[in-house]
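Structure first, then comments.
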Amino acid sequence: MSKLVVDGKEIEVPPEYTLLQACEAAGAEIPRFCFHERLSIAGNCRMCLVELKGSPKPIASCAWAVRDCRPGPNGEPPEVHTKSAMVRKAREGVMEFLLINHPLDCPICDQGGECDLQDQAMAYGIDASRYRENKRAVEDKYVGALVKTIMNRCIHCTRCVRFMTEVAGVPELGAIGRGEDMEITTYLEQAMISELQGNVVDLCPVGALTSKPYAFAARPWELNKTESIDVMDAVGSAIRIDTRGREVMRILPRVNDEVNEEWISDKTRHVVDGLRTQRLDQPYIRESGRLRPASWHAAFEAIAASVKPAAPERIGAIVGDLAAVEETYALKDLLTRLGVRNLDCRQDGAMLDPSWGRATYLFNAAIAGIEKADALLLVGSNPRREAAVLNARIRKRWRAGNFPVAVIGERADLTYSHEHLGAGPEALADIASGAHAFASVLKKSQHPLVLVGMGALARPDGAAIASLAAQIATTSGATDWNGYCILHTAASRVGALDVGFVPGPGGHSAQEMAESGVLDAVFLLGADEIDISPGTFVVYIGTHGDQGAQRADVILPGAAYPEKSGLYVNTEGRVQIPARASFPPGDAREDWAILRALSDVLGQRLPYDSLPALRRALFKAHPHLARIDQITPGARSQVVALAGRGGAPDRTPFSPAIDDFYFTNPIARASAIMAECSAIAESAGEHALRAAE
């Protein structure tokens, strides 16, 4: 530790700290524009100037390390002043320079109320300018469907450039020109294709980069802000949902170093318009092949007329990708009381079974554990599509060095260099047997990761593949390290597996339930990724007029994720509970309440009339779900047992779990913004293919 005196206060900080970090540790507030804790140091805005005793001029605190400070003549600790007259004059001069060319359009700027330049100008700005020449004018750039540019406001902090290059790993932004002629651009003014590009709007300290879909929609002081959790993938990113009245206006990230740091994917951020489009706001009944609006009573009577006469073995239920734990538990409770064993939450056919143990379906190393890993094997997974934020964490570890990455599956640009070992299970078997050179890399590692995706598990031989991957994970690394990691693509999957929403003894899987003649009636709880054959009576509880609703005989309108408070368990097993930000439209109701009312009609009344009562029953049955924001780990012995199950996988190459990043669920498919992003990505892919040819 190094001693330092900041504004008369002596502190001890690590020598690798910058002066800016040291000053903040001492309680001093240092203004900045270019500096950001998660980006490399640029040192080009000079707003963070401080006075270092012995230095002839102010120094940029963001770019000066504590170890570089000289002690006094008698060995006194270095002294730093952040509030001296020299410092204030220097910062006022920097602010005057920044405002020379900045347009006076705060009243029409979308950054108004959330602008770092506004805030700092209040502290260090002056009421008049000594600059009389014309202001610089810069042409606005087209950078895609999500980011709006007003480049006259740009102060060249380069945060956006550094983010795209370092974090996103897609260096689509850069600078051309020098001095006054410098401009931030995509060079050829092409649309950005990174799945994380929306984060540059949060990083921009002025109004040069703003959200294009949110342009001129609302002011920050008009909005109610609710802390929530993202369900567009299984990472469980911390988000903030801003609403005005009953309408969701925007979604922003929250800081959670254990999960998403402070980034979110573009799908998470811009799926907002999908929450308003194609919504189910009243019950429907199919008559003569067509759906007609109906009352709740009529819909329940229609369900009772078809479900009550059916034998329990001819009834089933499938849980979709966005369901919260409460409604999943309530549906299982109801159907178990009816004697039904045909339950499944794996509509993609993933070979996962809670009876094998919790460790066999969790990301055991935890998301933050990626930064501790020293080798990575990806099996049937493309994290850039399946979990863009988690992929950024992998890239962060890769940039730190000494991190070999190998891929078995489809060839893809993952934003970091890797070795492609093969397309299917044969390459995995070679590593398990030690025949491949990468097997020795894993064995020499102390903390290797074997990341298995749904592309490897959602197939008939998925259990054998899981066993092979478990063999590799258990024979590599330290004995106290569990590197067997499952990357889920569905937000509801881990929670549903935790409550045991899988077929009981003699029960049918989701794929079997979808076949013709197997069932008389099936409940779809937001399940839109599976085709139910004709002849089965389908009850759909969901939010959008998507595939499940089009197949349904009775539709019961439910609540989307911002419209309810529900537990979600992310891919690492972390229990998270978002707050309700808005309310369902029309006659739509929360899913658990629909199931509670339906239980009366079916003659098996559920014993909870409120959400707290439901949660008490849930926590009594599954106590680990009461540990909010905590991970209840699985035992490594469960992975060892999985490794011993064996099996013979076939030679079929792994297929991608997600074909289109922007169209993975009903909310995203209802979004016009996601449709535009998908079209841009497809066009960019075709262009890259032609260039490769």
**Q.** Of every Cα-Cα pair in region 1-144, the percent that sits beyond 28 Å
**A.** 28 percent
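When ligands, DNA and RNA are left out and all protein chains stay put, how many square angstrom of accessible area per residue does the chain have with a 1.4 Å probe? Please report the intermediate quantities before stating the final value.
Numbers: 28000 Å² over 693 residues.
Accessible area per residue: 40 Å².
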Q.
Report D for region 392-471 in µm² per second (integer): Stokes-Einstein, Kirkwood Rh on Cα pairs, 10 °C, 1.306 mPa s.
A. 118 µm²/s
Q: Could you compute the FRET efficiency for A613 and A412, with r as their C-beta to C-beta distance and R0 at 45 Å, rounded to 0.05?
A: 0.45
Q. Taking only DSSP H segments of four or more residues, each worth -39500 (n - 2.57), what value at 222 nm results for the chain once the sum is divided by all its residues, to the nearest 500 deg cm²/dmol?
A. -7500 deg cm²/dmol
Q) Residues with beta-carbon under 13 Å from that of H624, excluding H624: net charge, scoring Lys, Arg +1 and Asp, Glu -1? A) +2
Q | Size of charge dipole - the chain - debye, nearest 20, with Cβ of Lys, Arg +1 and Asp, Glu -1, no other charges | A | 1020 debye
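Counting only C-alpha contacts under 8 Å and six or more residues apart, can you give the relative contact order of the chain as a whole percent?
RCO, the chain: 15 percent.
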Q. Taking only the alpha-carbon positions of the chain and ignoring solvent, what does the Debye formula give for the base-10 log of I(q)/I(0) at q = 0.06, 0.08, 0.10 Å⁻¹?
A. -0.40, -0.69, -1.02
Q.
Just want the answer: with Cβ charges of +1 for Lys and Arg and -1 for Asp and Glu, which residue in G75, F523, N134 is farthest toward the dipole's positive end in the chain?
A. G75
Q: Any chance you could give the angle, 0 to 90 degrees and rounded to 10, that helix 296-307 forms with the longest Cα principal axis of the chain?
A: 50 degrees
Q | Helix 611-621 axis, angle to the chain major axis (alpha carbon atoms, nearest 10°) | A | 80 degrees
**Q.** Extension reserve of the D659-Q190 stretch, reckoned as 0.36 nm per residue once the Cα distance is removed
**A.** 166.6 nm
(Q) Restricted to Cα positions, what overall size does region 276-417 have along the principal axes? Three whole-Å values, descending. (A) 64, 38, 26
**Q.** Column: log10 I(q)/I(0), Debye, Cα scatterers of region 452-598, q = 0.15, 0.16 Å⁻¹
**A.** -0.96, -1.05
Q) Where in region 155-226 are there chymotrypsin sites (Phe, Trp or Tyr not before Pro) that are in a DSSP coil and have at most 15 other Cβ atoms within 10 angstrom of their Cβ? A) Y187, F216
Q | Segment S84-S637, length gained on full extension (0.36 nm per residue, minus Cα span) | A | 193.0 nm
Q: Answer rounded, prolate or oblate for region 242-315, using the Cα gyration tensor with square roots of eigenvalues a ≥ b ≥ c: rounded when a/c is under 1.5, else prolate when a/b is larger than b/c, else oblate.
A: prolate
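Taking the convex hull of the alpha carbon atoms in region 441-524, what volume per residue do you get, in Å³?
137 Å³
Given R₀ = 45 Å, what would the calculated FRET efficiency be for Q511 paired with R399, taking r from the Cβ atoms and rounding to 0.05? Mind dumping the intermediate values first?
Numbers: r = 41 Å, r/R0 = 0.91.
Efficiency, from the Cβ-Cβ distance: 0.65.
Can you figure out the FRET efficiency of W221 with E37, using R₀ = 25 Å and their beta-carbon distance, to the nearest 0.05?
0.40
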Q.
Contact order normalised by length for region 501-632, with contacts defined as Cα pairs under 8 Å and 6 or more residues apart; what percent is it?
A. 16 percent
**Q.** Cβ-placed point charges (K, R +1; D, E -1), dipole of region 113-221 about Cα centre in debye, nearest 20
**A.** 240 debye
Q | Positive minus negative residues near R159 (Lys, Arg vs Asp, Glu; Cβ under 13 Å) | A | -2
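Using only alpha carbon pairs under 8 Å that are at least six residues apart, calculate the relative contact order of region 561-606 and give it in whole percent.
Result for region 561-606 is 30 percent.
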Q | Cα-based helix-to-principal-axis angle, 325-337 vs the chain, degrees rounded to 10 | A | 10 degrees
Q: Please give the length that would be gained between R645 and R136 if that part of the chain were fully extended, namely 0.36 nm times their separation in residues minus their C-alpha to C-alpha distance (nm, one decimal).
A: 176.3 nm
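Anything over 32 Å Cα to Cα? Flag those among K564/K620; K135/K212; K372/K620; K396/K444; K83/K267, in the order listed.
In this structure, K372/K620; K83/K267 exceed 32 Å between Cα atoms.
How big, in percent, is the set of alpha carbon pairs in region 191-329 lying more than 17 Å apart? Write out the running numbers ahead of the final one.
Numbers: 6953 of 9591 pairs.
Tail of P(r) above 17 Å: 72 percent of Cα pairs.
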Q: Please go through region 193-245 and write out the GluC sites (Glu not before Pro) that DSSP classes as loop and that have at most 11 other C-beta atoms within 10 Å.
A: none
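The values are calculated or read from the model by the stated rules, or taken from the named source; none is laboratory data. All values reported here derive from a predicted model rather than from experimental measurement. Positions of Cβ are backbone-derived with ideal geometry, glycine not excepted, and every protein chain shown enters the neighbour counts. All accessible areas refer to the heavy atoms of the entire protein, side chains included, with ligands and DNA or RNA removed. Shrake-Rupley method; radii C 1.70, N 1.55, O 1.52, S 1.80 Å.
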